[in-house]
Amino acid sequence: MEGQVTMAASNLKWYRDTFCDTEAAVAKATGKDVYDIICEEAAKAAVGSRGLLYFPFLQGQLTPYYCDSARAGYVGITPAHGKPEMARAVLEGVAYELNMSIDAMQRVLGRPFDVIRLSGGGAKSPLWRQIQADVYGVPVEKLKIFDCGLVGSAALGATAVGLFGSVEEAVASMVHTDGFVEPNMANHEIYKEYFGIFRDAFLAWRDRGIYDRLAAAAEKHWNAK
């Protein structure tokens, strides 16, 4: 089984490029990673971002609903929300979308996963790893090297030139885990409620044709110029 998300950690890159000139300047002046600065800010916000939801559909929604016209955005903004909530909502929104795929897979399997292994750029953030563990409600496993595409390419290449006798042997030699992040089940109960709202809001907009109408209006009034 495979569940695909077109832009996961790229949502945080979009947030950085759109809202984080100050954080980028601080990163340049101090030598810190700008994403670390953003996540430190996000960590100041409460679990659930005080009711602020971010829908991470910058390039549509794929697994499990395959809604190409879906669009990203915030829902629930009030004067009480600031940049910490906006940043954390991005991290949570990506986890909610991934959780839609996880839910679909678990329904097919007929049982929940025991553990979920994380990879990719977003898995490098301790805060984002904890948010995912809390949203999924199961331990998440870390890797020593999170860039699985690079490791996979190296494993295939090494096997092709005869350094390993099989892909399985290459994987056993090159893929190394680095411990677990346990879920906070009190946070999981909060996230279960927000995830239900996230999923139902997405489906309501899809089923009422709002995404299709919005995409059509953009095509008519923006792309035509």
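The number of residues in the stretch 92-120 being assigned to a helix (DSSP H, G or I) and touching a Leu at 6+ places or on another chain (Cβ under 7 Å) comes to 1.
Does Ala170 satisfy the condition of being of a type in the set (Gly, Ala, Ser), under 20 Å from the mean Cα position of the chain (by Cα), open to solvent by less than 40 Å² (accessible area, probe 1.4 Å) and more than 19 Å from Asp134 (Cβ to Cβ)?
No, not satisfied.
In the stretch 51-88, what residues are open to solvent by less than 40 Å² (accessible area, probe 1.4 Å), of a type in the set (S, T, N, Q) and assigned to a loop (DSSP other than H, G, I, E, B)? Passing the criteria: Thr63, Ser69.
Whether a residue is of a type in the set (Phe, Trp, Tyr), in contact with a Lys or Arg (Cβ under 7 Å, 6 or more places away or on another chain), buried (at least 16 other Cβ atoms within 10 Å of the Cβ) and at pLDDT 95 or above was assessed, and Tyr191 does not pass this test.
So in the stretch 148-200, with the set limited to residues that are touching a residue at least 40 places away in the same chain (Cβ under 8 Å) and of a type in the set (S, T, N, Q), which one is farthest from Asp114 (Cα to Cα)? Among residues in the stretch 148-200 that are touching a residue at least 40 places away in the same chain (Cβ under 8 Å) and of a type in the set (S, T, N, Q), the one farthest from Asp114 (Cα to Cα) is Asn187. In this structure, Ala158 qualifies as open to solvent by less than 30 Å² (accessible area, probe 1.4 Å), small (Gly, Ala, Ser) and more than 30 Å from Ile38 (Cα to Cα).
Among the residues of the stretch 114-130, just one is touching a strand residue (DSSP E or B) at 6+ places or on another chain (Cβ under 6 Å), of a type in the set (D, E, K, R) and either surrounded by 22 or more Cβ atoms within 10 Å (Cβ to Cβ) or without any contact (Cβ under 8 Å) to a residue 60 or more places away in the chain (or both), namely Arg129.
Counting just the residues of the stretch 117-145 that are at pLDDT 95 or above and of a type in the set (A, V, I, L, M, F, W, C), which one comes out farthest from Ile37 (Cα to Cα)? Here the residue is Val138.
Counting the residues of the stretch 39-50 that are outside any loop (DSSP other than H, G, I, E, B) and either at negative phi or touching a strand residue (DSSP E or B) at 6+ places or on another chain (Cβ under 9 Å) (or both) gives 4. For the stretch 204-216, filtering for residues that are open to solvent by 30 Å² or more (accessible area, probe 1.4 Å) and either closer than 25 Å to Gly137 by Cβ or out of contact with any helix residue (DSSP H, G or I) (no Cβ under 6 Å at 6 or more places or on another chain) (or both) leaves 9.
If the condition is being open to solvent by less than 70 Å² (accessible area, probe 1.4 Å) and free of Cβ contacts under 8 Å to residues at least 60 places away in the same chain, then the stretch 32-50 contributes Val34, Ile37, Ile38, Glu41, Ala45, Ala46, Ser49.
Filtering the stretch 131-147 for residues that are open to solvent by 50 Å² or more (accessible area, probe 1.4 Å) and not in a loop (DSSP other than H, G, I, E, B) leaves an empty set.
The values are calculated or read from the model by the stated rules, or taken from the named source; none is laboratory data. None of these values were measured; they are calculated from a predicted model. All Cβ positions, glycine included, derive from the backbone under ideal geometry; neighbour counts span all protein chains shown. The protein model used for the area step is the full one, side chains on, heavy atoms only, and it has no ligands, DNA or RNA in it. Shrake-Rupley method; radii C 1.70, N 1.55, O 1.52, S 1.80 Å.
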